[in-house]
Amino acid sequence: MSVGDAGGEVARVAAESTNGAPAPSNHVGRAMRRKEDPRLITGRASYVDDINLVGQLWAAWVRSPEAHAKIVSIDASGAKARPGIRAVYTNEDLDMEAGLPMAWAPPGVEVNTPDHWVLARDEVKHVGDPVALVIGDDRYAVVDAAEDVVVEYEPLPVVTDPEKALEEGSPLVHEKFVTNKVCDWSLGGGDLEAGFAEADVIIERRVVNHRMAGGAIEPRGVLAEYRGDRLTVWSSTQVPHFLRLFLSILLGVTEDRVRVIAPEVGGGFGSKLNIYAEEIGCAWAARKLGRPIKWIETRSEGLMVTHHGRDQIDYVKVGAKRDGTLTAWHSKIIADIGAYQLLLTPLIPPLSAFVMCGVYNTPAVVTDVTSVHTNKFPTDAIRGAGRPEATHMIEVVMDQLAHELGMDPLELRRKNFIPPFAEGHETPIGVVYDSGNYESALDKLLEHIDPTQVRREAEALRSEGIYRGIGFSTYTEICGNAPSRAVGPGGFGLQGGGWESATVRVHATGSATLYTGTSPHGQGHETGFAQIVADRLGIDPAQVEVIHGDTQTGPFGLDTYGSRSLAVGGEAAARAASKVAAKAKAIVAHQLEAAPEDIELHDGRFSVRGSPDKGLTLAEVAGAAYVTMEMPDGMEPGLDEQAFYDPENFVFPFGAHACVVDVDIETGKVKVVRWVAVDDCGPAINPMLIDGQVHGGIVHGIGQALYEQIHYDEDGQLITGTFVNYALATAAELPSFETDRTETPSPVNSLAVKGVGEAGTIAATPAVTNAVIDALRPLGVNYINMPLTPLRVWEAIQEAKGGVPA
């Protein structure tokens, strides 16, 4: 076959793959079904637990039943005597010089960061702290053997209340610090003292944002193989590139010899963005024994030793004029971060401060954060990470202020909204919001729900013992975690920047592969990213394969968390695809004897402006780039481009949510009967993906508000350690969600997009809380903290009536 024949064959194959017709160029904005779903819903997807290797051994962990104790002795003889047990390791066996990493912390203050070993050294600090690692042939035999490891403990005093942990004489989690305080950090702007002096009304509230779990449908899992001099780790992780980096550092293996693969990941919600002891320990043992090592988390382990979120006590003081104009806002956050610090642990509470202005024009805003060690498992980022906590206290206290002033809660919000802006708004604390139109979102919300009608319904229902209420939340958040100047070594980060990368490779037949540095766990990257690339190349999204989660393919990336995938990773993909398109235009211009600037992409064809019939499809361009070489002199062959994107700012989605609840005052049970959500994440790449993310986020927020709670008793024992007593919301408890959008473009990136993966969660808890309080106000209940369980609601009703019965 000649070169010319080969070029024709390339064009023929490409034409067959698209039925011979050029692809339209308007895939962005379409509600396409997810490309990844067929393999997921038919059981053809491959998760860590589906992967097994020849010669594989299993791991089990011996975990402390004590919340705080000295390790007196460890006797592993009984476990080692069991058939099929290959090894039992304790801290003394590990040859690692450093423990698990903490990489992000508030700048400018000293942070008391304890050593956090893979296996506990000398003391255990929380229930579940690992003290030994058992390796054997059988998945279940190693669990039995772990029970035969006899550990003698000398119990030490325990503290689980963060406020008591700050008191003089409190038991110390880490004696070397002589305090349980981790750090103090503040962010603020404006004259707080003058603002409160100017106020006609000042209210104060103690707002509790209790501890919760991620609760991903897939438990964590690790499979590690050390073959030759190369380490391969399969992990259910959100951060394969970070995991590779820290495996390299902790094990002393150069990065080129470490490969991390995140196969299908069944949900994460932040809980899988850490570097966990199980990942490092299994990799270490695989190298030690020369055999693959596998560990799959149980549900009880997941609730015990997969990081938790929230756990703040917030003291909020707000000043306002009699007409509702806000004058000052002060928040004092006491954050219980548990016994150790994981990758982002000390950063999460300060994230609340960055959005403490909310959507309001408050002239003076100050947030003081105190982080505290207790004898619990560490907290870290759980869906929203600091922003749900901020939005909850802002929006609940706004309703409390409205009641104090005798104003309608929506009227108070409108009076204080920041006016619409398109090119940035600097808040008093120095944070610059990218764009916003908060009144528009609220207006759109009220097109769907009439508060007056809801209140008429409430009056009619009271005769049946059902008290109906409506609650609102108007929010903004900071996401698109990336700007290196903010999250790198000059800002919050101790370990590097926050850019993202992508490579787009067009094949000789005209299909394309996108290699992205982000790593999805249910968001729909394979669909949304394919739409972005397809539009820029003039092909169908079905012709774009998206490769992710494998550190051996594509460029180095910085993974997925903080709603950064689209605003940062999607922008990197768009830029790489645009580079490919620019080269394609140069090739077409050469062949058509036109100027490259006169070539445009229209209906799947690169053609001369004004002559749409005179042009080439991407497949024909690829044939020239790879086969016939009909390109400008000096141009390199191929269609393969890489882009790194480091934005100048974060992005700030916003929205307005309304929740309607019915409360049975005899039992205290709360039922969510209606939910309306209007969210603004800029122009939609795929409305169906947005709705899916918003739905999931709302469920997560409703779950925290009504059902979910990680609860430790005074002795540090985890009370809610199974799904029997850690309650998750199900479809049976939820209404169908009504969603809509406004679209305010962001000036930060060329896609004009913002994140949406955490928006529903950020908006939800205050909307539920405000709705419950609204329902119970006729009974004299004016304030109640989460979780709004039937018992807590019933007790609040009884107290309002004159005291809880004994």
Quiz prompt | Answer residue from the range 7-52, given it is surrounded by fewer than 17 Cβ atoms within 10 Å (Cβ to Cβ) and hydrophobic (A, V, I, L, M, F, W, C) and is modelled with the highest pLDDT among those | solution = Ile51
Exercise. Determine whether the range 681-689 contains at least one residue that is within 19 Å of Tyr561 (Cβ to Cβ), within 20 Å of the chain's Cα centre (by Cα) and in a helix (DSSP H, G or I).
Key: yes
Practice problem: Among the residues of the range 100-129, write down those that are modelled with pLDDT under 95 and either at positive phi or among the small types (Gly, Ala, Ser) (or both). | Solution: Ala103, Ala105, Gly108
Quiz item: Counting only residues that are within 30 Å of Pro378 (Cα to Cα) and acidic (Asp, Glu), how many does the range 179-210 have?
Solution: 2
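Would you say Ser352 is open to solvent by 10 Å² or more (accessible area, probe 1.4 Å), assigned to a helix (DSSP H, G or I) and either of a type in the set (Gly, Ala, Ser) or modelled with pLDDT of 95 or more (or both)? Reasoning before the result, please.
Numbers: open to solvent by 10 Å² or more (accessible area, probe 1.4 Å): no; assigned to a helix (DSSP H, G or I): yes; either of a type in the set (Gly, Ala, Ser) or modelled with pLDDT of 95 or more (or both): yes.
Answer is no for this residue.
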Self-check item: Near pairs, Cβ below 7 angstrom, 6+ apart or cross-chain, from the range 635-648 (within 18 Å of Asn481 (Cα to Cα)) to any residue that is open to solvent by 80 Å² or more (accessible area, probe 1.4 Å) and basic (Lys, Arg)
Solution: Ala643/Arg575; Ala643/Lys579; Tyr645/Arg575
Quiz item: Got at least one residue in the range 297-311 being assigned to a strand (DSSP E or B), surrounded by fewer than 21 Cβ atoms within 10 Å (Cβ to Cβ), touching a helix residue (DSSP H, G or I) at 6+ places or on another chain (Cβ under 7 Å) and not hydroxyl-bearing (Ser, Thr, Tyr)?
Solution: no
Exercise. Working carefully through the options Tyr467, Tyr438, find the one that is under 22 Å from Val748 (Cα atoms) and at pLDDT 95 or above.
Key: Tyr438
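Does Glu147 qualify as being open to solvent by 50 Å² or more (accessible area, probe 1.4 Å) and either at pLDDT below 95 or in contact with a Lys or Arg (Cβ under 8 Å, 6 or more places away or on another chain) (or both)?
Details: open to solvent by 50 Å² or more (accessible area, probe 1.4 Å): yes; either at pLDDT below 95 or in contact with a Lys or Arg (Cβ under 8 Å, 6 or more places away or on another chain) (or both): no.
Here the answer is no, as Glu147 does not meet what is asked.
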Quiz item: Does the range 377-398 contain any residue that is touching a Cys at 6+ places or on another chain (Cβ under 6 Å), open to solvent by less than 10 Å² (accessible area, probe 1.4 Å), more than 21 Å from Asp191 (Cα to Cα) and not in a loop (DSSP other than H, G, I, E, B)?
Solution: no
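Acidic (Asp, Glu), open to solvent by 20 Å² or more (accessible area, probe 1.4 Å) and either under 30 Å from Gln709 (Cα atoms) or within 21 Å of the chain's Cα centre (by Cα) (or both), is that true of Glu264?
Details: acidic (Asp, Glu): yes; open to solvent by 20 Å² or more (accessible area, probe 1.4 Å): yes; either under 30 Å from Gln709 (Cα atoms) or within 21 Å of the chain's Cα centre (by Cα) (or both): yes.
In short, yes.
Those residues that are among the hydroxyl-bearing types (Ser, Thr, Tyr) and either farther than 21 Å from Pro409 by Cα or surrounded by fewer than 24 Cβ atoms within 10 Å (Cβ to Cβ) (or both), I need them from the range 355-374; list them, please.
At the first step, the residues of the range 355-374 found to be among the hydroxyl-bearing types (Ser, Thr, Tyr) are 360, 362, 367, 370-371, 374.
Listed by number, the residues that qualify are Tyr360, Thr367, Thr370, Ser371, Thr374.
For the structure I just gave you, tell me whether Asp613 is touching a residue at least 12 places away in the same chain (Cβ under 8 Å) and among the charged types (D, E, K, R). Even if it seems obvious, please write down each step before you answer.
Numbers: touching a residue at least 12 places away in the same chain (Cβ under 8 Å): no; among the charged types (D, E, K, R): yes.
It is false that Asp613 is touching a residue at least 12 places away in the same chain (Cβ under 8 Å) and among the charged types (D, E, K, R).
Condition check ((1) closer than 30 Å to Arg230 by Cβ; (2) open to solvent by less than 10 Å² (accessible area, probe 1.4 Å); (3) assigned to a loop (DSSP other than H, G, I, E, B)) across all residues:
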position: Gly510; (1), (2), (3): no, yes, yes
position: Leu514; (1), (2), (3): yes, yes, no
position: Ser519; (1), (2), (3): yes, yes, yes
position: Ala530; (1), (2), (3): no, yes, no
position: Ala534; (1), (2), (3): no, yes, no
position: Glu545; (1), (2), (3): yes, no, no
Quiz prompt | Count - residues of the range 489-514 that are modelled with pLDDT under 85 and under 20 Å from Ser248 (Cβ atoms) | solution = 6
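Looking for whichever is over 30 Å from Glu799 (Cα atoms), open to solvent by less than 10 Å² (accessible area, probe 1.4 Å) and either in contact (Cβ under 8 Å) with a residue 40 or more places away in the chain or assigned to a strand (DSSP E or B) (or both) here; the options are Gly692, Gly697, Gly716. Which one fits? It would help to see each step written out before you state the result.
Values: Gly692 fails: open to solvent by less than 10 Å² (accessible area, probe 1.4 Å); Gly716 fails: over 30 Å from Glu799 (Cα atoms).
Of Gly692, Gly697, Gly716, the one residue that is over 30 Å from Glu799 (Cα atoms), open to solvent by less than 10 Å² (accessible area, probe 1.4 Å) and either in contact (Cβ under 8 Å) with a residue 40 or more places away in the chain or assigned to a strand (DSSP E or B) (or both) is Gly697.
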Quiz item: From the set of residues in the range 748-806 that are among the basic types (Lys, Arg) and within 24 Å of Arg455 (Cβ to Cβ), which is least open to solvent (accessible area, probe 1.4 Å)?
Solution: Arg777
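Working only within the range 640-683, note down all residues that are of a type in the set (Phe, Trp, Tyr) and either over 30 Å from Ala582 (Cα atoms) or crowded, with 19+ Cβ neighbours inside 10 Å (or both).
Our first condition is that a residue be of a type in the set (Phe, Trp, Tyr); within the range 640-683, this holds for 644-645, 650, 652, 654, 675.
Listed by number, the residues that qualify are Tyr645, Phe650, Phe652, Phe654, Trp675.
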Exercise. Starting from the range 733-752, take each residue that is at positive phi and list its partners that are open to solvent by 60 Å² or more (accessible area, probe 1.4 Å), counting only C-beta distances under 7 angstrom and pairs at least six apart or across chains.
Key: Ala752/Pro745
Exercise. Determine the pairs where a residue that is modelled with pLDDT under 95, located within the range 281-303, has a partner that is aliphatic (A, V, I, L, M) and surrounded by fewer than 22 Cβ atoms within 10 Å (Cβ to Cβ) with Cβ atoms under 8 Å apart, the partner being 6 or more residues away or on another chain.
Key: none
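Out of Val201, Val253, Val173, Val182, report the one residue that is free of Cβ contacts under 8 Å to residues at least 40 places away in the same chain and either touching a strand residue (DSSP E or B) at 6+ places or on another chain (Cβ under 6 Å) or open to solvent by less than 10 Å² (accessible area, probe 1.4 Å) (or both).
Values: Val201 fails: free of Cβ contacts under 8 Å to residues at least 40 places away in the same chain; Val173 fails: free of Cβ contacts under 8 Å to residues at least 40 places away in the same chain; Val182 fails: free of Cβ contacts under 8 Å to residues at least 40 places away in the same chain.
From the options Val201, Val253, Val173, Val182, the qualifying one is Val253.
So in the range 596-607, with the set limited to residues that are out of contact with any Phe, Trp or Tyr (no Cβ under 9 Å at 6 or more places or on another chain) and open to solvent by less than 30 Å² (accessible area, probe 1.4 Å), which one is modelled with the lowest pLDDT?
Let us first name the residues in the range 596-607 that are out of contact with any Phe, Trp or Tyr (no Cβ under 9 Å at 6 or more places or on another chain), namely 596-598, 601-607.
Remaining after also requiring open to solvent by less than 30 Å² (accessible area, probe 1.4 Å): 604, 606-607.
Working: Gly604: 92, Phe606: 96, Ser607: 95.
Here the residue is Gly604.
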Exercise. Could you pull out the residue among Ala45, Ala60, Ala87 that is under 25 Å from the mean Cα position of the chain (by Cα), over 25 Å from Thr345 (Cβ atoms) and not aromatic (Phe, Trp, Tyr)?
Key: Ala45
Practice problem: Scan the range 225-236 and give yes if some residue there is more than 21 Å from Glu526 (Cβ to Cβ), open to solvent by 10 Å² or more (accessible area, probe 1.4 Å) and touching a residue at least 40 places away in the same chain (Cβ under 8 Å), otherwise no. | Solution: yes
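The values are calculated or read from the model by the stated rules, or taken from the named source; none is laboratory data. The shown structure was predicted, so the numbers you read here are calculated from the model rather than taken from an experiment. Because the Cβ atoms are built from the backbone with ideal geometry, glycine has one as well, and the counts that use them run over all protein chains shown. Keep in mind that these areas ignore ligands, DNA and RNA; they rest on the heavy atoms of the full protein, side chains included. Shrake-Rupley method; radii C 1.70, N 1.55, O 1.52, S 1.80 Å.
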